[in-house]
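Since the structure comes first, as structure tokens, the remarks are kept for the end.
The values are calculated or read from the model by the stated rules, or taken from the named source; none is laboratory data. Predicted model, so just to flag it, every value in this text is computed and none were measured. Please note: Cβ atoms are built from the backbone with ideal geometry, for glycine as well, and neighbour counts cover all protein chains shown. Just the protein is used for accessible areas: all its heavy atoms, side chains included, with ligands, DNA and RNA removed. Shrake-Rupley method; radii C 1.70, N 1.55, O 1.52, S 1.80 Å.
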Amino acid sequence: MDTDLRSSKKQAFLDLLKKRGIQDKRVLEAMATVPREAFVGLDLAELAYDDSPLPIENGQTISQPYIVALMTEAMQLRPSDTVLEIGTGSGYAAAVLSRIVKQVYTIERHRGLAEQARERLSSLGYDNVSVRCGDGTLGWPEHAPFDAIVVTAGGPSVPLSLTRQLVIGGRLIIPVGQSLHDQKLQRITRVSEDDIRTEELGGVRFVPLIGEEGWRDVEGRLNRPPPGKVEPAAALSEQIRSQAIHIPSIESVDLGGLLSRIGDSRLVLLGEASHGTAEFYEMRARITRELIEKKGFHFVAVEADWPDAAQIDHFVRETRKEPTQELTFSRFPTWMWANRQVANFVQWLRHHNRQADTGDQAVGFFGLDLYSLYSSINAIIGYLEQVDTEAAAVARERYGCLTPWEKDPATYGRVALTRQQLSCEQDVVAMLNMLMQKRLEYSAHDGRRFLDAVSNARLVKNAEHFYRSMYDGSVKSWNLRDQHMFDTLESLLDFHGPDSKAIVWAHNSHLGNAEATEMGSRGEINVGSLCRQRFGETAYLIGFGTHQGTVAAASDWGAPMEVKNIVPSTPDSYERLCHDAGLNAFFLPLRHGEKNLVKELQRPRLERAIGVIYRPETEIASHYFIASLSRQFDEYIWFDKTRAVDALGPEAGKGMPETFPFGL
Ligand code: SAH
């Protein structure tokens, strides 16, 4: 970058800091003096004066300049101070501190980063900074007490060791939160020997603080293993290896053990760690086939919209009388269900039903999700036109309330929230009630078709509420969606009778018990937690995971599908523990697992979730969350290296039988 450009960018950057409220002159001066471009890779130098965090080595980040300035200002520094920083990272924040105070000590847990920062700081002439590699949650007792301490990673609580290493009157600045997505910056002032005062300075997002008094990890302790002893992480991976039940290949593996662990469960929930990994779909299909054949499971319910799945249901039970008009799974994200892996299973299910010749008892395929507001409305009106034309007219009028928003139901949500009189809530509730009241009359014609209509009416009611709640806070809309999926599942079980058994396919984040993850601490529920509450141990929750490979995903909502490379799992995650077990694929029983291992796997660690969208650039913040694996799942299925699903594009449909349900 040329010097003029750099200095004009730098000026804009300082103006921005002032505008955002940074007032301390010494902080602004220090921010102006330290060349941020020297702390990021050459390829990112262009971005050095943008006010955003940037990725550095080891999956870590260099903080956003505004946040560095904010934290530094909050430390209330004087030139004579000695300060401690936890989380050296690139060394940038330490350099800024070193321009303000007498002496800076800084600790970094990744050896490579610590060494690189040490060299960088010394070559730039910052000679009042000492860098050490180690677990910063324990502080640096040899140089304590400190006038101020700053922690640039987020922990679950304030480490006691750090408050004890403050002088009386000393300040500790630290992000604290039970989840990576909900951290609050705190200033803790040590007011006397035993008293502290806590102030909250706003919401922030930092990478996890990992160590003895931070998030639990293995790696943190790797820095100082007693000589001759195996490191805990390696020991744990070794334990996983010894308990793992090897999967030589998806098609040939003997599922006898798994089926006996599942026992008499009424519900088997089969998760996935991404919406675009072939192995997850293939293994789920294999398990599902055996559950149907050997244990007589009655239906499969998936995280897809009801009307789409209904097309598949007609196909597998060969009940479609009239030709279908709508394309199945044509809405973004198409690859999630319109893929070769699902198609193979669907073909198998049709064949199975035909062979078994069970007529009305044929195994069905249903959708639990609620994004199909308008096709559901069409399906209800279509149904009523056949059974009750008067009711169809009422439906047309009531659902007409939602018609103007068909292109963008989210806008409906925003408008209805501010202008109550535009809300369609009453109309959609009234429609569901009307159908329920006519239950006996309508279902006398055909129980399954009534089930279809009423499920769509429930979907419309819940989706209307869902869109309104989107602007009310994400917890509420997440909970509405999962509650809807659970209610639909429950109504399907009711429909199939008291002995009915179901298999569910959805993402791990819907099917693992939310109470065992950071979702729980945010007040979020999911299908897994609701199943646990309602069905107890008769629900068997299975999670899936992977270390690396490729995945089908988009970069943004609505953007085209790409086959993306999965970043190898981060050192502090369950995935890394499984990877280090050194096996390609395995089952890891948790409910019926070895006690010691199960206990170890209760300790909160990071877990990765890739959805429809995958953003490897910001992976830690966007895709990892904190979970307690053996409380989340009854069993975990591992594929070390995975590949993207084979999406069925429009061209792939050529040569398919006409009845093929994907409408391609
Ligand atoms: N201050 C840094 C940003 C650091 S990101 C900068 O200006 O570039 C947070 C850093 O904290 C990461 O490098 C991470 O490895 C480190 N970290 C996390 N837990 C730690 C611990 N217990 N002790 C020391 N460093 C830790």
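Tell me the per residue accessible area of the chain using a 1.4 Å probe; a whole number in Å² is fine.
41
Give me the lysines in straight-line cross-link reach of K9: C-alpha distance below 22 Å, same-chain residues under 8 apart excluded.
K18, K19, K25
Among E251, E212, what's the order by accessible area (1.4 angstrom probe), most exposed first?
Numbers: E251 110, E212 85 Å².
Accessible-area ranking of E251, E212, largest first: E251, E212.
Note down the net charge around D388, summing +1 for each Lys or Arg and -1 for each Asp or Glu among other residues with Cβ under 11 Å from its Cβ.
-2
Work through the residues other than I67 whose Cβ is under 12 Å from its Cβ and net out their charges, Lys, Arg +1 and Asp, Glu -1.
Once positives and negatives cancel, what remains is 0.
What is the calculated FRET efficiency for H445 to N344, with r their C-beta to C-beta distance and R₀ = 25 Å, to the nearest 0.05?
Here the calculated transfer efficiency is 0.15.
For K501, which lysines qualify as cross-link partners when the Cα separation must be under 23 Å and same-chain residues fewer than eight apart are set aside?
K294, K295
Pop the C-beta distance of T538 and K25 into the FRET formula with R0 = 51 Å and round what comes out to the nearest 0.05.
The formula returns an efficiency of 0.20 here.
Quick one: what are the phi-derived ³J(HN,Hα) couplings along the range 634-642, Karplus 6.51/-1.76/1.60 with θ = phi - 60°, whole Hz, x for glycine and proline?
So the J values, rounded to whole Hz, are 8, 7, 10, 10, 10, 10, 5, 10, 10.
When DSSP assigns beta bridges and you keep just the ones with both residues in the chain, what percent turn out antiparallel, to the nearest 5? Please list the in-between numbers first.
Working: 35 of 82 bridges.
In the chain, approximately 45 percent of DSSP beta bridges are antiparallel ones.
When the Cα atoms of the range 3-223 are enclosed in a convex hull and the volume is divided per residue, what value in Å³ results?
Normalising the Cα hull of the range 3-223 by residue number yields 113 Å³.
Considering only protein heavy atoms and a 1.4 Å probe, what is the carbon-and-sulfur percentage of the accessible area of the range 370-498?
Here carbon and sulfur together make up 50 percent of the probe-accessible area.
How do E119, E238, E282 stack up against each other in accessible area, from largest to smallest, with a 1.4 angstrom probe?
Working: E119 130, E238 105, E282 50 Å².
I get E119, E238, E282, largest accessible area first.
On average over all directions, what projected area in square nanometres does the range 370-498 have, based on the convex hull of its Cα atoms?
Its Cα hull, projected and averaged over all orientations, spans 7.8 nm².
Post the alpha-carbon centroid distance, the range 421-472 to the range 120-195, in whole angstrom.
55
Can you list residues whose amide H is under 5 Å from Y105's amide H, if they're 5+ apart or on another chain and H is modeled 1.01 Å from N?
V83, L84, E85, S130
Got a number for the accessible area of R78? Probe 1.4 Å, square angstrom, nearest 10.
R78 has an accessible surface of roughly 120 Å² with all protein chains in place.
How big is the antiparallel share of DSSP beta bridges in the range 3-223, given as a percent to the nearest 5?
Percent antiparallel among DSSP bridges in the range 3-223 is about 45.
Please list, ordered by chain and number, the residues whose modelled amide H lies under 5 Å from the amide H of I196; skip anything fewer than 5 residues away on the same chain.
V191
If the cut-off is a Cα-Cα distance under 17 Å, which lysines reach K564, setting aside same-chain residues fewer than 8 apart in sequence?
Filter leaves K641.
For n ≥ 4 DSSP H runs only, could you compute -39500 (n - 2.57) per run for the chain, divide by its residues and tell me the 222 nm figure to the nearest 500?
Values: 26 runs with 269 residues, N = 664.
After summing the helix terms and dividing by residue count, I get -12000 deg cm²/dmol.
Which angle between 0 and 90 degrees, to the nearest 10, do you get for helix 306-317 versus the longest principal axis of the chain when only C-alpha atoms count?
50
Compare E318, E279, E390 by solvent-accessible area with a 1.4 Å probe and give them largest first, with all protein chains kept in place. Present the calculation step by step, with values, prior to reporting the outcome.
Working: E318 85, E279 20, E390 150 Å².
Ranked list, largest accessible area first: E390, E318, E279.
Can you list the equivalent-ellipsoid semi-axes of the range 540-600, largest first and in whole Å, using the square root of 5 times each Cα gyration tensor eigenvalue?
With the √(5λ) rule applied to the range 540-600, the semi-axes are 29, 14, 10 Å.
What does the charge add up to near N584, with Lys and Arg as +1, Asp and Glu as -1, over the other residues with Cβ less than 15 Å from its Cβ?
Values: positive: R241, K641, R643; negative: E251, E279, E282, E575, D580, D640.
Summing Lys and Arg as +1 and Asp and Glu as -1 gives -3.
Strictly under 4.7 angstrom between C-beta atoms: which cysteines of the chain have no such partner?
Cysteines of the chain left without a disulfide-compatible partner: C133, C531, C578.
Report, by chain and number, residues whose modeled amide H sits under 5 Å from the one on K501, excluding near sequence neighbours (fewer than 5 apart, same chain).
Sorted by chain and number, the residues that satisfy this are H298, F299.
What does the accessible area of K476 come to, in Å² to the nearest 10, when a probe of 1.4 Å is used?
90
Figure the gain on full extension for E425 and A559 (residue separation times 0.36 nm, minus the Cα-Cα span) and round it to one decimal in nm.
Full extension from E425 to A559 adds 45.2 nm.
Could you pull the accessible area for T82 with a 1.4 Å probe, rounded to 10 Å²?
30
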